[in-house]
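Engineer: Structure in structure tokens, see below.
Read the figures in this text as sums done on the coordinates, not as results from a lab. Here the structure is a predicted model, which is why all the values come from computation and not from measurement. When we count neighbours, we look across all protein chains shown, and the Cβ atoms used for this are built from the backbone with ideal geometry, even at glycine.
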Amino acid sequence: MNTGDLYNLNPLMLKGILKKPRLPVSKKPATPENIANQLKKPYRRMPSFSYLADEQISNIIDFLNTF
Ligand code: HEM
């Protein structure tokens with residue numbers, strides 16, 4: 001595993017994710033819609049969380065807006 005992989009797997013990557021203009025890897029705009037899409041159909045190596053209900057995804061986004 002290289003340094004880039006360690007960075008990508010670090011949960012602190014999510015800190016302030018919705019306060020920055022772009023998502024860190026794909027450089028897509030950091031919007032709630034693109035976070036929801038990342039959970040359902042992830043970009044590259046992240047596992048899919050497609051089984052989550054819309055309300056659960058919305059709760060995760062609310063949480064991400066708290067830090
Ligand atoms: C609430 C849970 C999670 C959220 C909200 C989340 C969100 C994100 C976001 C927004 C990105 C950046 C995507 C982009 O730049 O377009 C990302 C990347 C990534 N996530 Fe997650 N993630 C979560 C959980 C996880 C878990 C549990 C894992 C691994 C076990 C994981 C592994 C990765 C990896 C490896 C990347 C980098 C993608 C790549 O470069 O291949 N994520 N995640």
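Engineer: Net charge around L18, counting only other residues with Cβ within less than 14 Å of its Cβ (Lys, Arg = +1; Asp, Glu = -1)?
Structural biologist: Result for the local shell: +3.
Engineer: I've got another one for you. Please compute the length gained on full extension between D54 and S26, using 0.36 nm multiplied by the number of residues separating them and subtracting their Cα-Cα distance.
Structural biologist: Answer, rounded to one decimal: 7.8 nm.
Engineer: Then there's this: With each pseudo-label sitting 7 Å past Cα toward Cβ, what's the M13-N37 distance in nm, one decimal?
Structural biologist: Between M13 and N37, the simple spin-label model gives 1.8 nm.
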